[in-house]
1. When you go through (1) small (Gly, Ala, Ser); (2) touching a helix residue (DSSP H, G or I) at 6+ places or on another chain (Cβ under 8 Å); (3) within 15 Å of Phe86 (Cα to Cα) one by one for Ser23, which number turns out not to apply?
2. Enumerate the pairs (first residue in region 70-87 and of a type in the set (D, E, K, R); second residue anywhere and surrounded by 14 or more Cβ atoms within 10 Å (Cβ to Cβ) and not in a loop (DSSP other than H, G, I, E, B)) with beta-carbon separation below 7 Å, excluding pairs fewer than 6 apart on the same chain, so at least 6 apart or on different chains.
3. Keeping to region 26-48, report how many residues are touching a helix residue (DSSP H, G or I) at 6+ places or on another chain (Cβ under 6 Å) and without any contact (Cβ under 8 Å) to a residue 24 or more places away in the chain.
4. Give the number of residues within region 49-69 that are in contact (Cβ under 8 Å) with a residue 24 or more places away in the chain, within 19 Å of Ser23 (Cβ to Cβ) and among the charged types (D, E, K, R).
5. Quick check on Ser56: is it closer than 25 Å to Glu82 by Cβ, open to solvent by 60 Å² or more (accessible area, probe 1.4 Å) and among the small types (Gly, Ala, Ser)?
6. Are any residues in region 1-47 out of contact with any Lys or Arg (no Cβ under 9 Å at 6 or more places or on another chain), open to solvent by 20 Å² or more (accessible area, probe 1.4 Å) and part of a helix (DSSP H, G or I), and if so, which ones?
7. Any chance region 65-83 includes a residue that's closer than 19 Å to Met1 by Cβ, open to solvent by less than 80 Å² (accessible area, probe 1.4 Å) and among the aliphatic types (A, V, I, L, M)?
Amino acid sequence: MEKVSAIICVFNEEKTLRNVILSVAHNQHIDEVIVVNDGSTDNSKEIIDSLHEQISIKPIHLPQNKGKGFAMAVGVENAKNEIIFFIDA
């Protein structure tokens, strides 16, 4: 089976973020989880960093909001697999 990279784009998603990341990270079909924080101003960064200490995810924190398309492109640039799955936080 082909390896899959999951890209989770985040902007102020503190209420749902933890459950989304954990669900994706524990999916047996996902080989790599990239979380792109698009300049969130809530506690999203802290949640991502906390989870990064516990599970294998690749966090990317953008200093300011650049929009979903930009965040998706950053995720693709950092993905190691050819199959990419986008997930909203």
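1. (2)
2. Lys80/Ser5; Lys80/Glu32
3. 0
4. Qualifying residue count for the region: 1.
5. Working: closer than 25 Å to Glu82 by Cβ: yes; open to solvent by 60 Å² or more (accessible area, probe 1.4 Å): yes; among the small types (Gly, Ala, Ser): yes.
Yes: the conditions hold for Ser56.
6. Listed by number, the residues that qualify are Arg18, Asn19, Val20, Leu22, Ser23, Ala25, Lys45, Glu46.
7. yes
The values are calculated or read from the model by the stated rules, or taken from the named source; none is laboratory data. Bear in mind that the values here come from a model prediction, so they are computed numbers and not experimental data. As a convention, Cβ positions derive from the backbone with ideal geometry for all residues, glycine included, and neighbour counts pool all protein chains shown. In case anyone asks, the SASA skips ligands and DNA or RNA and just uses the protein heavy atoms, side chains included. Shrake-Rupley method; radii C 1.70, N 1.55, O 1.52, S 1.80 Å.
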